[in-house]
Amino acid sequence: MIHAMVNLISSIPLSSPVREKYPDVFNINGALVILSDSHLGDPEIALEDWNEFWMRAHPFLVGLGEKLDEGQLGLDIGRVPGEACRREALRAILRKTVTQYGNG
């Protein structure tokens, strides 16, 4: 789910006005990309690797959720096909991940 989330955010084109309007979301995502690449590259990761990843990534995931809430990016703003669906999917993934794994 983490890979899906960071890939979803990363897939937003560099030229998108969303990147300019919400730079914190993309900065946090950049940190999550680095963490997920270094800890979650192998689908058969050991529990220790997951725990290490989660301890480092949790503050970024919470921060990302807060920035998404602040920007109301999880709402169907303007009912724009495509971007609105991506935002809703991202929020659902993030909430499920944080709910499922809590604080470690």
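The values are calculated or read from the model by the stated rules, or taken from the named source; none is laboratory data. As the structure is a computational prediction, the values presented were derived from the model and not from experiment. In this analysis, Cβ positions are derived from the backbone assuming ideal geometry, glycine residues included, and neighbour counts consider all displayed protein chains.
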Of all residues in the range 51-96 being at pLDDT 75 or above and surrounded by fewer than 15 Cβ atoms within 10 Å (Cβ to Cβ), the one that is farthest from F26 (Cα to Cα):
N51
Only residues that are at pLDDT below 85 and surrounded by 13 or more Cβ atoms within 10 Å (Cβ to Cβ): list them for the range 7-17, please.
L8
